[in-house]
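Engineer: The structure is given below, and queries will be raised subsequently.
The values are calculated or read from the model by the stated rules, or taken from the named source; none is laboratory data. Quick caveat, the model's predicted, so the values are computed rather than measured. Note: ideal-geometry Cβ built from the backbone for every residue, glycine included; neighbour counts use all protein chains shown. Ligands, DNA and RNA are stripped out before the accessible areas are found, and what is left, the full protein with its side chains, is counted by its heavy atoms. Shrake-Rupley method; radii C 1.70, N 1.55, O 1.52, S 1.80 Å.
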Amino acid sequence: MSLNADTLIDRSYLKGQITKWRAIAILVIVLSAILITSRFDNEIIVSEYVARVKIEGIITDDIRRDKLFTTLEKDDNVKAVLLWVDSPGGTVVGGEQLYLNVGKLAKKKPVVVVMRSLATSAGYMATLQASKIYARHGTITGSIGVIMQSAEFTELAERMGIEPITIKSGPNKAAPNPLEKITPENRAVMELVVADFYDTFVTMVSEGRGMDRRRVMQLADGRIFTGPQALQLGLIDELGGEDDAIDWLKAEYSLSDDIAIRNREPEREKPKTIAELFSQMAKSIVIFPQIQLDGLVSIWQPKSM
């Protein structure tokens, strides 16, 4: 069947459009692949600089972040570390590991903290071994404490005609369990666990800030503080931001006036296959709700997840 001129023109136009969009799609994929893979290449830095490391959002245990601190510690070109903290806290283990990383690094080179909007709970814990701590007037910090949360749905289950069945080796196994009423023994055991790390947190503050332990106990009831309040109580050193922190580093450690400040981030593992590459590309485009906070938590007002 012969086609008229208009139909031929339409088909030619459609083919051209398909070819164009295919080319654009291929270009986007290639550029994305280059962008993703380029982030895995180690940046070669040959001049002295101040490393800016950002601790943002919910703090969890992160082996890649641990490796970054080790790298900064061994890099002779890193003359100081500027630690940005903007976090409501997170897991106790995540905060504890950051506390240890900062302390180890601060023994080799100066680490100055700049608190942003939030530096509470495990976020505050992470700053305690820094060489100096700055906060803004509007910074919320403090919230020294530990929590363990659960819920109990036994009455709801009963109303719905659901009978939970639990077989366990001891009365405190899996407590707290939403499908079992908490017993006085359960509560006592969990309170001991919370109290144990609370005692550790208080010790961290006392030693890190050079404060009397009894004084720390008066402040460590979970309350939050503004920047000026924290300064007055000895929980931070100065009010200010990054410029103030850099000026202090230059004056205190004789750093060059034109020393560079470079962002440093934990390195991702290089993808070994095309499938891994596209998987990481997808994760860079779509944010998956993967954060889970199990066990002991040191956090203040987390966003809903």
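Engineer: Across the Cα atoms of the range 83-215, what radius of gyration and what greatest pairwise Cα-Cα distance (Dmax) are found, in Å?
Structural biologist: For the range 83-215, the Cα-based Rg and Dmax read 19.6, 63 Å.
Engineer: For the range 98-181, what is the accessible area per residue in Å² when the probe is 1.4 Å?
Structural biologist: Using a 1.4 Å probe on heavy atoms only, each residue of the range 98-181 averages 52 Å².
Engineer: For a quick check of your reading of the filter: which trypsin sites (Lys or Arg not before Pro) in the range 105-195 sit in a DSSP loop and have no more than 14 other Cβ atoms within 10 Å?
Structural biologist: Answer by residue number: K107, K108, K168, K173, K181.
Engineer: Using a 1.4 Å probe on the protein heavy atoms, what percent of the accessible area of the range 80-132 belongs to carbon and sulfur?
Structural biologist: Whole-percent figure for carbon plus sulfur exposure: 47.
Engineer: Please compute the net charge surrounding K104, taking Lys and Arg as +1 and Asp and Glu as -1 over other residues with Cβ under 15 Å from its Cβ.
Structural biologist: The answer is +1.
Engineer: Share of the range 169-278's accessible area from carbon and sulfur, percent, 1.4 Å?
Structural biologist: Exposed carbon and sulfur together represent 51 percent of the surface.
Engineer: How much net charge surrounds T127 when only other residues with a Cβ under 11 Å from its Cβ are counted (Lys, Arg +1; Asp, Glu -1)? It would help to have the intermediate numbers written out before the result.
Structural biologist: Details: positive: K132, R209; negative: D237.
Within the 11 Å Cβ shell, the charges total +1.
Engineer: Quick check: net charge around D86, other residues with Cβ under 10 Å of its Cβ, Lys/Arg +1 and Asp/Glu -1?
Structural biologist: Net of charged neighbours comes to +1.
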